[in-house]
1. Would you mind stating whether Phe28 is aromatic (Phe, Trp, Tyr) and under 20 Å from Pro87 (Cβ atoms)?
2. How about segment 58-87: which of its residues are loosely packed, with under 13 Cβ neighbours inside 10 Å, in contact with a Phe, Trp or Tyr (Cβ under 9 Å, 6 or more places away or on another chain) and free of Cβ contacts under 8 Å to residues at least 40 places away in the same chain?
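No lab work stands behind these numbers, since they all come straight from the coordinates. Just so it is clear, the structure is predicted and the values come from calculations on it, not from any experiment. Neighbour counts run over all protein chains shown; Cβ positions are idealised from the backbone, glycine included.
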Amino acid sequence: MFARKLSIQRIDLTGGRHPCPIRWIDNFAMRNFTNDAIFDDTLPVADGVLEAGHRVPIERLQPAMDDWFRRKGYLKPGEQLEICEIP
């Protein structure tokens, strides 16, 4: 089920990359267990690491997670979120 590992990074204003804390990722995942079934196949495992099934599309995960992090105040204006698969 959790066949992929995804890197979840916050890019600060200077371009520095920082793993998103697991509590941020977990907060997003718990919210989505009740609101969007497409993200049910996710499991936060560590700072900056989310395991996901093949049916979780990164192109939908990225904007949904970005929006949630901004609404919670985790990402500051000008910061970016980068999600990519870990080989």
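1. Working: aromatic (Phe, Trp, Tyr): yes; under 20 Å from Pro87 (Cβ atoms): no.
Against the criterion (aromatic (Phe, Trp, Tyr) and under 20 Å from Pro87 (Cβ atoms)), Phe28 does not qualify.
2. Within segment 58-87, Arg60 is the sole residue that qualifies.
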